[in-house]
Structure formats: structure tokens, C-alpha cells
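Novice: There's a structure below that I have some questions on.
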Amino acid sequence: MPRPGFSICVCPDIQLTKNYIDTLLQENPAPEGTWGKHVYWSDEGLPPAFWENLTLQGLFASPKVLIIRNAQNLPIDTWRKLSTNLGQFNPLAWVIICLEAPYDRGKPKIPAAVKKLPCWNLAETKAWIWQSAGLTERAMRGFIEQWAAKNTITIEPKTVHALSQVLPQDASAAKNELDKLALAAGDSRTITVEHLTDISNDTEMDIFAFINALQSGKMPDKVWKKVISSQAAGDAMIFSFLAMLLREARILWQLYAGETVRLPSGVIQQKKRLATNLGPVRLSKIWDLALEAEMGIKTGERKPEQAMEILVAGLLALFAPQK
């Protein structure tokens, strides 16, 4: 079966999207050599190099995967130009378009004008669109089982069920926790219910406390210590912090929208009040700030501690009492 002419991924969890893209590339080897990955960010616009890579063919051209991040933010004129170019199959250029906005009431948020484009209609007809709402409790079981198979780890069904109840609903953070459990399992390569005590539950509560403290304007010592330890730990801890922050933002957004979230009733009431106080505009801004911090680190523009300081400053300004 020939590879897709192009692919569209609709998922708010970039780690899940990455996993899907990796699977696509494994199932569809490059026509020669290996696929060279090139990532483009929508808020920076698509540079001339993107269009050159998209159309370039010939003896000296090498196979390239052109990944567009946060494509929901592309101007419609760019989408139209992209749609025109995607109408012609290029064996040496595989465009993968990632729409990463949070789902709204269980449905993906796709600009209406985009859904009317020929490229979208073609992708729907050819089944070139992959959609996932992220790691819901139901999807978590499959995620755990796939991780176990990939890492040759044995997990009994009852343990899989227990893990699905306690792991963070963010693929990057959940993978980190599973990797820790694999280390704890040692040579047995078997994760049991007893290992669940090793899962970090304090991080999630610290994130909620962090957001609450930001809104109140008071930052308890415990919360500040968590922020400081995140900075001291470097990239890995900061990315984990960002993942948990976005997971908390997603829960707050779901509660604001009236969606069902599986949490203790007392915790739900607290978070509902916070979500209502923040409102949709300030809640959505959390994604922008987190993305800015992630991009700053990954591009080398900022050191991890600088990115964290700017993130905290942005969140303080965002959650300051409204006048």
C-alpha cells in the first residue's frame, strides 16, 4: 500500500501525535535512505524553505517529512496555498499537519474554512486524518498496553486498570511515570499493583496549588520550592512541569465547558470554582505560555531556568486579580 499523500493529525497531546507519526514512518519507509524530519511552527509562518522542500524533486532531492505544528493557527490564505500544493503527490515530500487545539465538548476544534478546503475533503475520503482527544481514562489502558509491549514489560490486567486510574492524563507525563515503574520492576520486567506507590501524586496537587496560588496572589513556600526544584533539575523536570500544567489546564477547561471529569467530588468543586473564576480567555492563554516556554528551550533561545522564570511571570500576570 502506498503511503498517504499527506497526513493530518488532530490531537491536543503532542506526545501521542509523535507516537503516531513514528508509527507512520515505520510503516512507510522512505523511497530511498531515511526520512529527514523538518519541523515548522505555524506562529512563525511557513518559510520559503518549506515550500521548496514541498515541491523539490529530482536526482539530488532527499526524502523529507515536513511536520507543521499547531496548524490550527495558520492563516486561511496559507491553508489555501497548502491545499493547492498538496493536490500533487510528491514521493520525496510527506507533509504531516498537526492541529493541537484542545477538544471542545468532546469534538476537535477545526476552523470551518479549513474543513471546506479540497485537501481536507481528500484527506477524509482517503482516511488520511488521525484524531484523538488525548489520554482519556478509556484511552489510557491502550496507551499502557502499547508502552508495555514496546518495552517488553509484563503488566497484569488488574494492574493496567489500576494504573489507568492514577496516571496523569498526559502522554509525556504518563510515559515518565511508567519508565520509573519499569526501573522499579528491575530484572523481573513485571509491574505489579505494589509498584503503584512509586507514582508521583504530589506533582499534580502542586500544580493545582500553584495555579490557585497564582490567582490569589499568594505563593506558599511549598509551591515556591517546587518551582525552584523544577528549575534546578533542568530540561526534564521543566518539561514534566509543563505537561502537568497543561493537563491541569485541560481539566479546568473541561469543567468550565460542563464536561464530565473523573475526580473526587471535593476536588471537582474546587476546580470548577477556579475554572469559572478564570474564564475561557485566561484558561486558553495557559497553552500559549507553555508553548512559548517549550519553544524557547528546544530552539536554544532560552536556558531552562530563563524559560521557567518567564513562564511564572506570565502566569502571575495572567492570574492577577481582574480590575
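The values are calculated or read from the model by the stated rules, or taken from the named source; none is laboratory data. Computed from a prediction, not measured in an experiment: that's the story for all the values here. Ideal geometry is used to build each Cβ from the backbone, glycine not excepted, and the neighbour counts take in all protein chains shown. Ligands, DNA and RNA are stripped out before the accessible areas are found, and what is left, the full protein with its side chains, is counted by its heavy atoms. Shrake-Rupley method; radii C 1.70, N 1.55, O 1.52, S 1.80 Å.
Novice: Mind listing which trypsin sites (Lys or Arg not before Pro) in the stretch 254-319 are in a DSSP loop and have 16 or fewer other Cβ atoms within 10 Å?
Specialist: Here the trypsin sites (Lys or Arg not before Pro) that fit, given the DSSP loop and packing criteria, are ARG262.
Novice: Let me ask you something else. Percent of accessible area on the stretch 51-107 owned by carbon and sulfur, 1.4 Å probe?
Specialist: So the carbon and sulfur contribution to the accessible surface is 52 percent.
Novice: Quick one: accessible area per residue over the stretch 15-133, 1.4 Å probe, rounded to a whole number of Å²?
Specialist: 54 Å²
Novice: Still on this structure, please answer the following. Hey, what did the stretch 1-143 get for relative contact order, percent, Cα under 8 Å, at least 6 apart?
Specialist: Computed value for the stretch 1-143: 37 percent relative contact order.
Novice: Leaving out ligands, DNA and RNA but keeping every protein chain, what accessible area does ASP179 have, in Å² rounded to the nearest 10, with a 1.4 Å probe?
Specialist: In the full protein context, ASP179 sits at about 50 Å².
Novice: Using 0.36 nm per residue of separation minus the Cα-Cα distance, give me the extension gain between GLN306 and GLN165 in nm, one decimal.
Specialist: The span from GLN306 to GLN165 would gain 47.3 nm if fully extended.
Novice: Between ARG189 and LYS158, what's the calculated FRET efficiency when r is the beta-carbon distance and R0 is 22 Å? Round to 0.05.
Specialist: 0.80
Novice: Please figure out what share of the DSSP beta bridges in the stretch 36-144 is antiparallel and state it in percent, rounded to the nearest 5.
Specialist: 10 percent
Novice: Within the set of other residues whose C-beta is less than 14 Å from the C-beta of TRP79, count the net charge using Lys and Arg as +1 and Asp and Glu as -1.
Specialist: Value of the local net charge: +3.
Novice: What net charge do the residues around LEU289 carry, taking every other residue with its C-beta under 14 Å from that of LEU289, with Lys and Arg at +1 and Asp and Glu at -1?
Specialist: -3
Novice: Calculate the FRET efficiency for ALA49 and ASN151 from the Cβ-Cβ distance with a Förster distance of 45 Å, rounded to the nearest 0.05.
Specialist: After rounding to 0.05, the efficiency reads 0.80.
Novice: On a full-extension model of 0.36 nm per residue, what is the gain between LYS116 and THR84, subtracting their alpha-carbon distance, rounded to one decimal in nm?
Specialist: Full extension of this stretch gives 10.2 nm more.
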